[in-house]
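Some notes on the structure that comes next.
The values are calculated or read from the model by the stated rules, or taken from the named source; none is laboratory data. Keep in mind it's a predicted model, so treat the numbers as computed, not measured. Cβ placement follows ideal geometry from the backbone for every residue including glycine, while neighbour counts extend to all protein chains displayed.
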Amino acid sequence: MEQALSMGPAANVTVLELPAGGYYLIPGSGHDLAAMQAEHGARVGWQVSRSPSGVLVSGRSGDRSCLFKRDLPASAIIGALRDTPAYLLI
């Protein structure tokens, strides 16, 4: 969760733990975690989704799965929005 929180303001990645050791990272979203595990022979896999409002991590190992969610405090959301204009100049 701490690693996911340290990612950029908005990021999505699938992380697979390979049988020979090491990790394989697949950037982007929309990947089927079970299919990615089968394709790469991974023992364990995680999908990490980071948005300005929080972090969502889903994990899978064999027939077991888990889901972790952490909402960011409102002050972090306000800070993220601060750099975005709230108006349009014509």
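The C-beta contact set for the range 61-72 (first residue closer than 21 Å to residue 35 by Cβ, second residue in a strand (DSSP E or B), distance under 6 angstrom, 6+ apart or interchain) comprises 61/44; 66/59; 67/58.
When residue 42 is tested against (1) under 12 Å from the mean Cα position of the chain (by Cα); (2) under 17 Å from residue 19 (Cβ atoms), exactly one condition is not met: (1). Taking the listed residues 76, 86, 34, the one that is at pLDDT below 85, aliphatic (A, V, I, L, M) and not in a loop (DSSP other than H, G, I, E, B) is 76, with no other qualifying.
Identify, please: which residue in the range 16-31 is of a type in the set (A, V, I, L, M) and modelled with pLDDT of 90 or more and is, among those, surrounded by the most Cβ atoms within 10 Å (Cβ to Cβ)? In this case the residue turns out to be 16. Looking across the range 45-70 at every residue that is assigned to a strand (DSSP E or B) and loosely packed, with under 11 Cβ neighbours inside 10 Å, the one that is farthest from the chain's Cα centre (by Cα) is identified as 64. When only residues in the range 17-29 that are over 11 Å from the mean Cα position of the chain (by Cα) and either of a type in the set (D, E, K, R) or in a loop (DSSP other than H, G, I, E, B) (or both) count, which is nearest to residue 50 (Cα to Cα)? The selected residue is 17.
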